[in-house]
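A.B. asks: The following block contains the structure, expressed as C-alpha cells.
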Amino acid sequence: MRDKMMQWRTEILKNLGGLPAPEIRNDEWLYLLKDETRNSIMVEGIFVSEQELEQILSHGNYETRNAEDVLNYFSTAKFLYGLGYENHIHQEFTLTLGLIRQINKGIMEGRKRDPGKIRSGAVRIGGAKTQPPAYDIEKWLELYTRFINENINKMQFLRFQALQHDMFEIIHPFEDGNGRAGRIITNYLFVSLGFPIITVKGDEKSKNQYYKALQETDHGFGALFKNTPNYERLIKTISGVNTEQLEIIFFKGLRESMDRMIIKLMEHKGENMLPADKLASTLGYSKASIRKLVERGKLVAVKRGKNYFSHPTLLYK
C-alpha cells in the first residue's frame with residue numbers, strides 16, 4: 001500500500017510540473033530545510049527553538065546558542081540538495097567517499113580538529129546491540145558507496161533508503177556527526193530520485209521510535225561487520241534484514257513533505273484548499289474520517305493551525 005500511495009503522489013507531482021528546484025526563495029523548500037535542520041540536530045540533543053533558528057539563519061547570529069551547528073547543517077544540506085536536484089534533472093548520480101567526507105567536514109567545521117577524517121580504531125554506540133566495525137572503516141565505506149551506486153535505481157526505494165541509512169550509521173565512519181551526515185545523505189538520495197526531503201523528528205517520542213527502528217534493522221546485519229569487508233557477503237546479508245519500522249518513518253516523512261509540495265503547487269495554479277469540515281461535506285465523509293484518511297496516506301493534505309486543508313481531487317480512489 002505504501003508503494004501505491006507514493007506512486008499516486010508521484011503522478012500528481014509530475015502533473016503539476018514535477019519537483020521544484022530546492023531554492024531558498026521557494027517557500028516550501030525553505031520551510032522543509034529549516035524544519036529538517038532544527039529536528040536533525042535535535043535528534044543529537046542540540047536544542048534550538050524556531051525563534052532561535054530564525055535569528056541564526058537571518059542574521060548569522062553566532063551569539064545564539066548552537067549557532068555553529070545550525071549554520072553548518074543548513075549550508076551543507078542546502079548544497080547537497082541542490083546537487084541532488086541536478087542529479088534528478090539530468091538523470092546522473094554518483095556518491096563518492098570524497099563527497100561523504102565533505103558532508104562531515106561541512107557539518108563539523110569548527111567543531112572538530114579534523115572534520116571529514118575517517119576514524120581509526122573501535123568506537124561504541126550507546127544502547128546499540130550491533131556495534132560499528134573496529135577496522136577497515138574506509139573499505140566498509142567503499143562497499144557502502146558501491147551498494148548505493150549499484151542499487152539506487154533497482155530496489156524498492158523506501159527499503160533501499162532504510163538499508164543504506166542503517167548501514168551508514170553502523171559503519172559510523174567519523175568520530176562525530178554520523179547521524180547528521182547520514183540523514184543528509186538520505187535526503188540527498190531522495191532528491192536525486194525526484195522526491196522532496198524528509199524530516200526525522202527530534203522530539204523525544206519520535207527520536208525513540210527512530211532509534212528503535214535503527215536497532216531493528218541493525219539486528220539483521222548480525223555479525224557482518226565483525227568480518228572483513230566483502231561485497232557478496234553484504235548483499236547476501238541484506239536479503240534478510242528487516243527494514244519495516246524505518247520504512248514507516250521514512251514513508252510518513254516523505255508523505256508529509258510531498259503533500260506540502262503538492263498543495264502549494266495547486267494553490268499557485270489558483271486552486272482553493274478547503275478546511276476539513278467543508279471537505280468532509282463535499283466528499284461525503286465525517287470530519288473525523290478526514291483525519292483518518294490523512295493518517296493512512298489516502299488524502300493529500302496539510303495541517304495549518306489545528307485544521308487540515310485539502311482539495312476534493314486529492315483523495316485516493
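A.B. asks: Any of LYS201/LYS269; LYS129/LYS205; LYS201/LYS252; LYS78/LYS105; LYS278/LYS303; LYS252/LYS303 with alpha carbons more than 22 Å apart? Name them for me.
C.D. replies: Numbers: LYS201/LYS269 31 Å; LYS129/LYS205 20 Å; LYS201/LYS252 11 Å; LYS78/LYS105 14 Å; LYS278/LYS303 15 Å; LYS252/LYS303 14 Å.
Exceeds cut-off: LYS201/LYS269.
A.B. asks: Among GLN156, PHE174, MET1, pick out the residue whose Cα is farthest towards the positive end of the charge dipole of the chain, where Lys and Arg carry +1 and Asp and Glu carry -1 on C-beta, about the Cα centre.
C.D. replies: So the residue furthest toward the plus end is MET1.
A.B. asks: Which Cα, out of LEU141, LEU71, TYR31, lies furthest along the positive dipole direction of region 21-250 (beta carbon charges, K/R +1, D/E -1)?
C.D. replies: Projecting each Cα onto the dipole axis, the largest value belongs to LEU141.
A.B. asks: Can you give me the C-alpha center-to-center distance between region 143-213 and region 26-91, rounded to a whole angstrom?
C.D. replies: 17
A.B. asks: To the nearest 10 degrees, how steeply does helix 157-171 sit against the main Cα axis of the chain, on a 0 to 90 scale?
C.D. replies: 30
A.B. asks: A further question follows. Pop a pseudo-label 7 angstrom from the Cα along the beta-carbon direction at both ARG65 and ASN15 and give the gap in nm to one decimal.
C.D. replies: That separation, rounded to one decimal, is 4.8 nm.
A.B. asks: Estimate the FRET efficiency between ASN227 and THR94 by the formula 1/(1 + (r/R0)^6), using the beta-carbon distance for r and 22 Å for R0, to the nearest 0.05.
C.D. replies: That gives a FRET efficiency of 0.20.
A.B. asks: May I ask which residue of GLY240, HIS165, PHE190 lies farthest towards the positive end of the charge dipole of region 21-250, with charges of +1 (Lys, Arg) and -1 (Asp, Glu) on Cβ and the Cα centre as origin?
C.D. replies: Value: GLY240.
A.B. asks: List, in order, the whole-Hz ³J(HN,Hα) value for each residue of region 309-317 obtained from phi through the Karplus relation with A = 6.51, B = -1.76, C = 1.60 and θ = phi - 60°; use x for Gly and Pro.
C.D. replies: 10, 7, 9, x, 7, 9, 9, 6, 10
A.B. asks: Using θ = phi - 60° and the Karplus curve 6.51 cos²θ - 1.76 cosθ + 1.60, what whole-Hz ³J(HN,Hα) does each residue of region 95-103 get, with Gly and Pro shown as x?
C.D. replies: Listing the rounded values in order: 10, 10, 4, x, 5, 5, 4, 5, 4 Hz.
A.B. asks: Tell me the angle of helix 178-192 to the major Cα principal axis of the chain, expressed in degrees between 0 and 90 and rounded to the nearest ten.
C.D. replies: 50
A.B. asks: List the GluC sites (Glu not before Pro) within region 59-152 that DSSP assigns to loop and that have no more than 16 neighbouring Cβ atoms inside 10 Å. Mind showing how you got there, number by number?
C.D. replies: Numbers: sites: GLU63, GLU68, GLU86, GLU92, GLU109, GLU138, GLU142, GLU150; in loops: GLU63, GLU92, GLU109.
Those that pass, being in a loop and sparsely packed, are GLU63, GLU92, GLU109.
A.B. asks: May I pose another question? Any idea what angle helix 137-151 forms with the longest principal axis of the chain, computed on alpha-carbon atoms, 0 to 90 degrees, nearest 10?
C.D. replies: The two axes meet at around 40 degrees.
No value in this document is a laboratory result; all are computed from the given coordinates. The structure displayed is predicted, hence computed values, not measured ones. Cβ: placed from backbone, ideal geometry, glycine included. Neighbour counts: every protein chain shown.
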